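The values are calculated or read from the model by the stated rules, or taken from the named source; none is laboratory data. Everything numeric here is computed off the predicted structure, so don't read it as measured data. Using ideal geometry, Cβ is built from the backbone for each residue, glycine included, and neighbour counts are taken over all protein chains shown.
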Amino acid sequence: MSDSRKYDVVVIGAGLNGLATAAYLAKAGKSVAVFEAADHVGGTMATVEIAPGFKAPAALDTVETLHPAVMDELGLKSYGLEIIEGGGTTVLLGSENAHQVNTDDPSIAELRRFTGRLGEALEKVWTRPLPAVEPTGVGGIVDLMRLGWALRSMGKRDFPEALRFLPMCVKDVMDEHVPDEATRAALSSSSLFGASMGPRSPGSAYGLVHHQPPCAGGVGGPVKFARGGPGAVTEALASSAKAAGVQVVLSSRVSEVIVEDGRAAGVSVNGESVRADRVVSALDPRTTLIDLVGPRWMEPEFVEKVLQVRSRGTITILRFALDKEPAFSGGAATLRGRIQIGSTVDYIERAWDAAKYRELPKEPLLTCSVPSALDPTLAPPGKHVMLVRAQFTPYQLDGTSWDAEREAFGDRVVHLLETHAPGFAKSILHSEVDSPVDLEARFGLSGGCLHHADLALDQLLHMRPIPGWYGYGMPVPGVYLCGPGTHPGGAGTGLSGRNAARQMLSDWK
Amino acid sequence: MKSYDAVIIGAGHNGLICAAYLAKAGKKVLVLERRHLVGGATVTEELYPGFKYTVCSYVVSLLRPDIIEDLELPKYGFELLPLNGTLTPTGDGDFVMRWHDAGDTRRELMRHSPKDAEAYERFAELLYHLALTIRPLLSTPPASPTKLGPANLKKLRGLGKIFGDRSDHLYDLAKLMTMSAAEFVEQFFETPALLGTLSASGIIGTFLGPRSPGSAYVMLHHYMGEIDGQFRAWGFPRGGMSGVAEAIASSARSEGAEIRLECPVERILIERGQAKGVVLEGGEEIRAKKVVSSLDPKRTFLKLVEEGHLDPAFRQSIDRFKIRGSSAKVNLSLSALPEFTCLDSIRARGESTDPYMAGAISISPSIDYLERAYDDAKYGHFSRRPYMDMIFPSMLDPAMAPPGKHVASIFCHYAPYELADGAHWDDQREAFGDAVIDTLAEHAPNIRDTILHRQVVTPWDLEQTFGLTEGNIFHGELSLDQLFFLRPVPGQDGYGTPIRDMYMCGSGTHPGGGVMGAPGQLAARAILGGE
């Protein structure tokens, strides 16, 4: 690496979206280098060895939302990715009972039908850059009409219903459709993954479709694992990218995006400069634009808008190495899917209440997975790894700090797990607790937000990442974003990276 | 048997406005009112000798200026007395006062935060422009992106032009439509009491907290009246809210409209899918070419229309219409004005506190305070420490109380219609009244000694006495899923209904609630245009 080396594109960050952008660009014939601060690829979609022989997910544990287009177009299966079908969600009702959400349940049939149609219409919106709303020429109008037709194709009754549905809160949707309380809790929780909202917050219904689109099995559908852990996805992606000619450079932290004559000219990595006319960042909008590019290259009004992007992490991730299989009520079958502690909508709402006042909930919502139950390669024989997401835990705490609270909160989670799986506490060989503050430090996520920017109504579509700047290109020419902070955002689809590459190629002069 | 061109169910302000417009167009109109007086929730009642209560609604700002002009309301006695501003006790002995006058407000805010004083001008300007942008929507029936008829396409093109001309505000508007009131105002200000009071207008009449997305629009909805020039702020009608209703009724009568009181309608007469008139309780039948309901959608379709006349899918949509009551009123007769301790510094300077008291007094010391009040309600309890918006009508119109004495009108959030654990409002009414007075006493300790009479109007009472389903003052929540072409229900926006010759003209239709009158006016237009 030296001053003499010049690429068409430099990508910052070798997570799912950064690698996807790189692979698509390289396949289109561009010379591409990806710089990754960590010594492995994957970002939040990586596998980490938490104790000798125990491999746990870094943050994202299941892979059902990975979009089929990304998987197929980049040939991930031919680079070693193997998908394991898991089970559905089990809601624990104390140490004795459990309720399994079943997609054949007739009481959720209408909800699955409707969200399925909505998801199919939205997929047409998610899988391409957004059409301009400030119609500039015929192309823009055609794109806008295509978007309108995508939704209109839902039909006379479902289309108006879809427009009503999108700003609703998930609790109201549950009230209208789902009689069983545990199922209501399971679906509410799935819609609130990584959200800074509660079940009664308008806009939360959108999460149902966003996190469980039809191509991932739909609302209430089963999870999927990658053999070898979620890192297998990004490792296959890295192999695909390399085969297309991408240089993936690890342990190389980008400290600055170099701007010359008001446009991108490259990056500084480990004290050296690497030249490129285009720099695309898979990091969140704030880190990229404020820390790496620097406010001096942008209008103050734009900088203010970047600073107003809300990225409020609410998830604490706990990774466990276990001496034996956890004995959840519901039995071994529950270990095939997702396990939830938090059996009513109000339980989830109360867990959110505390976070609103920058406090930790006494009874957090827990969603757990035990990937080693389906993939024995992840742990020594008879032993297991488990990932737990605890919500809602605010990044900022009033009157205390995460350093002071981390251990006690971890104990609270273990205690809660123990009441639902007797013997759990004793079976722990190793544990890690990553609060939103830790997730920020470890993965470079502003605010510890896994979605890079809250998935809220005012931060979607043409408002994502910044109102009016939905086209991946930023005000500094040659600077692009490709992370989940951009449209369509969030949670392991790879679509932001795919769309960004497509936009860059269409902008190419 | 007499026959009418139109019979209107309910003599609330929207029913009366609709009647007045129809009568002005030469139609023979009859308005039927269940109670003994006109006004609906826009009334003044003397419930304690000499003391007149604005029982439900209590201030006016949203009433459309063109309605005031068209119906010549000032000629019929309508007069608006402006409120001085809004006083918010901070809870630690100080206060934040937003005055009618922008310069005075700026000086006051400088005392708390120079940053906020400066931001206030930007904030007011932005809201002004956004309100201007959205105002045309209030005076036209909603355009729906789901319909492709030529009339609707024309409306959509008109909308496109409105927004196209103001594209600089397009994203600000999109944000305002989708954000929470708290997050919206936090972009501008830092003073907790100012943040609390501003975001409080985002929760009025709605079962949302200040941090619930969508509440910023409700804030704009309440700001809308302030741009009309006639009266740039909230005002109190002389004679109380009946001053508004009586003026509209007189205007309607002068055009030939008939108003019958104490005439409850039992059902709407429907033959072969067409409305033919109404049947009163007691059996009297009144025939009319058009039937117009100013009641809320649930009451209209689930109580007045027999089930067999409605498509089950439409009935389900009406069932799903959200109309959760969340507010209550406490009205007081007072022997004297209570002394707010936050005004001690004014008294110490020997100044009169009257200018501070002759407006709204808002108990909203911070966003968290309001949000905690909401948390109580989410789980089916009234707020232990509620948000309150209080005025002393007798300070604006001395005729509201005997000389030297006062009435207070206190609007309170949250009081959920449905209480947890099977509790009933009949058993909780006075406990809620006590919570309101206890909270007020934290700010004005002598208030208890001044109370001569207290009326507590819970959501249950709003439903039983005023016919507001679940006690919702807006005839349905002003949430994004129930606004514009989605109001009242998707696929049936505007003022017509699936039943031929039957219309709606109440707050459950676009553009929604408040003493605005637009639904009544637009419904009349739709009825006249549809002939």
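Any residue in segment B:422-429 that is under 25 Å from the mean Cα position of the chain (by Cα), over 22 Å from B:Ala408 (Cα atoms) and acidic (Asp, Glu)?
Yes.
Only residues in segment A:295-318 that are at pLDDT 95 or above count as the first member; pair them with residues that are among the basic types (Lys, Arg), Cβ under 7 angstrom, at least 6 apart or cross-chain, and list the lot.
Filtered contacts from segment A:295-318: A:Val306/A:Arg286; A:Val309/A:Arg286; A:Ser311/A:Arg286; A:Ile315/A:Arg389; A:Ile317/A:Arg389.
What is the number of the single condition among (1) over 28 Å from B:Ala193 (Cα atoms); (2) modelled with pLDDT under 95 that B:Ser479 does not meet?
Result: B:Ser479 fails condition (1) only.
So, in segment A:195-215, how many residues would count as being surrounded by 23 or more Cβ atoms within 10 Å (Cβ to Cβ) and in contact with a His (Cβ under 9 Å, 6 or more places away or on another chain)?
Residues flagged as surrounded by 23 or more Cβ atoms within 10 Å (Cβ to Cβ) and in contact with a His (Cβ under 9 Å, 6 or more places away or on another chain) within segment A:195-215 amount to 2.
Looking at B:Val31, B:Val96, which is the one that is under 19 Å from B:Glu262 (Cα atoms) and not assigned by TED's automatic domain parsing to the domain that holds B:Thr140?
Just a single option satisfies the conditions, and that option is B:Val31.
Only one residue in A:Val233, A:Val257 is touching a helix residue (DSSP H, G or I) at 6+ places or on another chain (Cβ under 8 Å), assigned by TED's automatic domain parsing to the domain that holds A:Ala33, farther than 21 Å from A:Ser31 by Cα and of a type in the set (Val, Ile, Thr). Which one? Break it down into steps so the answer makes sense when it comes.
On the way: A:Val257 fails: farther than 21 Å from A:Ser31 by Cα.
Being touching a helix residue (DSSP H, G or I) at 6+ places or on another chain (Cβ under 8 Å), assigned by TED's automatic domain parsing to the domain that holds A:Ala33, farther than 21 Å from A:Ser31 by Cα and of a type in the set (Val, Ile, Thr) holds for just one of A:Val233, A:Val257, which is A:Val233.
Rundown of residues vs (1) on the phi > 0 side of the Ramachandran plot; (2) of a type in the set (A, V, I, L, M, F, W, C); (3) crowded, with 22+ Cβ neighbours inside 10 Å, yes/no style:
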residue: A:Leu166; (1), (2), (3): no, yes, no
residue: A:Met174; (1), (2), (3): no, yes, yes
residue: A:Ala185; (1), (2), (3): no, yes, yes
residue: A:Gly221; (1), (2), (3): no, no, no
residue: A:Val249; (1), (2), (3): no, yes, no
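Within segment B:165-179, can you find the residues that are assigned to a helix (DSSP H, G or I) and either at pLDDT below 85 or more than 9 Å from chain A (Cβ to nearest Cβ) (or both)? Spell out the reasoning first.
Looking only at segment B:165-179, we keep the residues that are assigned to a helix (DSSP H, G or I), and these are B:165, B:167-178.
B:Asp165, B:Ser167, B:Asp168, B:His169, B:Leu170, B:Leu173, listed by residue number.
Of everything in segment A:355-374, what is within 10 Å of chain B (Cβ to nearest Cβ) and surrounded by fewer than 19 Cβ atoms within 10 Å (Cβ to Cβ)? Give them in sequence order. Outline the logic, then answer.
Taking segment A:355-374 first, the residues within 10 Å of chain B (Cβ to nearest Cβ) are A:356-358.
Within segment A:355-374, A:Tyr357, A:Arg358 qualify.
Name the single residue that is nearest to A:Met504 (Cα to Cα) among those in segment A:282-314 being among the basic types (Lys, Arg) and part of a helix (DSSP H, G or I). Outline the logic, then answer.
Quick first cut of segment A:282-314, residues among the basic types (Lys, Arg) only: A:286, A:296, A:305, A:310, A:312.
Okay, now just the ones that are also part of a helix (DSSP H, G or I), so A:286, A:296, A:305.
Working: A:Arg286: 20, A:Arg296: 24, A:Lys305: 23 Å.
Applying the filter and picking the extreme gives A:Arg286.
Considering only residues that are closer than 26 Å to A:Val70 by Cβ and at pLDDT 90 or above, look in segment A:127-175 and name the one that is farthest from the other protein chains (Cβ to nearest Cβ).
The extreme case among them is A:Thr127.
Can you tell me which condition A:Phe424 does not meet? The list is (1) over 15 Å from A:Leu322 (Cβ atoms); (2) crowded, with 21+ Cβ neighbours inside 10 Å, and all the others hold.
For A:Phe424, the exception is condition (1).
Could you tell me which numbered condition A:Pro179 fails, if it satisfies all but one of (1) at pLDDT 95 or above; (2) away from chain B (no Cβ under 14 Å); (3) outside any loop (DSSP other than H, G, I, E, B)?
Result: A:Pro179 passes all but (3).
Does A:Ile317 count as of a type outside the set (Ser, Thr, Tyr), away from every other protein chain (no Cβ under 14 Å) and either in a helix (DSSP H, G or I) or in contact with an Asp or Glu (Cβ under 6 Å, 6 or more places away or on another chain) (or both)?
Numbers: of a type outside the set (Ser, Thr, Tyr): yes; away from every other protein chain (no Cβ under 14 Å): yes; either in a helix (DSSP H, G or I) or in contact with an Asp or Glu (Cβ under 6 Å, 6 or more places away or on another chain) (or both): yes.
Yes; evaluated as a whole, the condition is true for this residue.
Considering each of B:Met400, B:Met388 in turn, give the residue that is surrounded by 15 or more Cβ atoms within 10 Å (Cβ to Cβ) and in contact with a Pro (Cβ under 6 Å, 6 or more places away or on another chain). Before the answer, list the steps.
On the way: B:Met388 fails: in contact with a Pro (Cβ under 6 Å, 6 or more places away or on another chain).
Among B:Met400, B:Met388, only B:Met400 is surrounded by 15 or more Cβ atoms within 10 Å (Cβ to Cβ) and in contact with a Pro (Cβ under 6 Å, 6 or more places away or on another chain).
How many residues does segment B:38-74 contain that are of a type in the set (S, T, N, Q) and without any contact (Cβ under 8 Å) to a residue 12 or more places away in the chain? Please lay out each step first, then the result.
Step one: of segment B:38-74, the residues of a type in the set (S, T, N, Q) are B:42, B:44, B:54, B:57, B:61.
Narrowing the set further to residues that are without any contact (Cβ under 8 Å) to a residue 12 or more places away in the chain leaves none.
Qualifying residue count for the region: 0.
Any residue at all in segment A:173-182 that's free of Cβ contacts under 8 Å to residues at least 12 places away in the same chain and under 19 Å from B:Asp319 (Cβ atoms)?
Taking segment A:173-182 and keeping what is free of Cβ contacts under 8 Å to residues at least 12 places away in the same chain, we get A:175-176.
Within this subset, residues satisfying the condition of being under 19 Å from B:Asp319 (Cβ atoms) are A:175-176.
Yes, some residue in segment A:173-182 is free of Cβ contacts under 8 Å to residues at least 12 places away in the same chain and under 19 Å from B:Asp319 (Cβ atoms).
Consider segment A:445-484. How many of its residues are small (Gly, Ala, Ser) and out of contact with any Phe, Trp or Tyr (no Cβ under 6 Å at 6 or more places or on another chain)? It would help to see each step written out before you state the result.
Pass one, segment A:445-484, residues small (Gly, Ala, Ser): A:446-448, A:453, A:456, A:468, A:471, A:473, A:478, A:483.
Checking the rest, the ones that are also out of contact with any Phe, Trp or Tyr (no Cβ under 6 Å at 6 or more places or on another chain) come to A:446, A:453, A:456, A:471, A:478, A:483.
Residues in segment A:445-484 being small (Gly, Ala, Ser) and out of contact with any Phe, Trp or Tyr (no Cβ under 6 Å at 6 or more places or on another chain): 6 in total.
Pick out, from segment B:45-141, the strands (runs of 3 or more DSSP E) lying fully within it that include 1 or more residues that are modelled with pLDDT of 95 or more, within 30 Å of B:Leu483 (Cβ to Cβ) and polar (S, T, N, Q). Let's see the steps before the verdict.
Values: elements: B:51-54, B:80-82, B:85-89, B:95-99.
Hits in segment B:45-141: B:51-54, B:85-89.
For residues in segment B:1-35 being under 21 Å from the mean Cα position of the chain (by Cα) and part of a strand (DSSP E or B), which is nearest to B:Lys289 (Cα to Cα)?
Initially, segment B:1-35 is screened for residues under 21 Å from the mean Cα position of the chain (by Cα), giving B:8-20, B:33-35.
Now drop any that are not part of a strand (DSSP E or B), which leaves B:8-9, B:12.
Details: B:Ile8: 11, B:Ile9: 14, B:Gly12: 21 Å.
Residue satisfying both the conditions and the ranking: B:Ile8.
What number goes with the only condition from (1) free of Cβ contacts under 8 Å to residues at least 12 places away in the same chain; (2) closer than 22 Å to B:Tyr171 by Cβ; (3) in contact with a Ser or Thr (Cβ under 8 Å, 6 or more places away or on another chain) that A:Phe159 does not pass?
Here A:Phe159 meets the rest and fails (2).
Show the residue pairs meeting these rules: Cβ distance below 6 Å; 6+ apart or different chains; first residue within segment B:482-503 and on the phi < 0 side of the Ramachandran plot and more than 14 Å from chain A (Cβ to nearest Cβ); second residue outside any loop (DSSP other than H, G, I, E, B) and among the charged types (D, E, K, R).
Pairs that qualify, where the first residue is on the phi < 0 side of the Ramachandran plot and more than 14 Å from chain A (Cβ to nearest Cβ) and the partner is outside any loop (DSSP other than H, G, I, E, B) and among the charged types (D, E, K, R): there are none.
So A:Arg464 clears everything in (1) buried (at least 22 other Cβ atoms within 10 Å of the Cβ); (2) more than 17 Å from the chain's Cα centre (by Cα); (3) without any contact (Cβ under 8 Å) to a residue 40 or more places away in the chain except one condition, right? Which one?
(2)
For segment A:477-490, give me each residue that is surrounded by fewer than 24 Cβ atoms within 10 Å (Cβ to Cβ) and among the aliphatic types (A, V, I, L, M).
Correct list: A:Val479 only.
In this structure, does B:Lys329 turn out to be of a type in the set (D, E, K, R), in contact with a Phe, Trp or Tyr (Cβ under 7 Å, 6 or more places away or on another chain) and closer than 30 Å to B:Ala420 by Cβ?
Working: of a type in the set (D, E, K, R): yes; in contact with a Phe, Trp or Tyr (Cβ under 7 Å, 6 or more places away or on another chain): yes; closer than 30 Å to B:Ala420 by Cβ: yes.
Against the criterion (of a type in the set (D, E, K, R), in contact with a Phe, Trp or Tyr (Cβ under 7 Å, 6 or more places away or on another chain) and closer than 30 Å to B:Ala420 by Cβ), B:Lys329 qualifies.
Check off (1) in contact (Cβ under 8 Å) with a residue 60 or more places away in the chain; (2) under 27 Å from A:Ile315 (Cα atoms); (3) surrounded by fewer than 23 Cβ atoms within 10 Å (Cβ to Cβ) for A:Pro52 and give me the number that stays unchecked.
(1) is the only condition that A:Pro52 fails.
Of all residues in segment A:311-342, how many are buried (at least 24 other Cβ atoms within 10 Å of the Cβ), of a type outside the set (A, V, I, L, M, F, W, C) and under 29 Å from B:Ala373 (Cα atoms)?
Total meeting the criteria: 5.
Would you be able to tell me the number of residues in segment A:58-76 that are buried (at least 22 other Cβ atoms within 10 Å of the Cβ) and outside any loop (DSSP other than H, G, I, E, B)?
2
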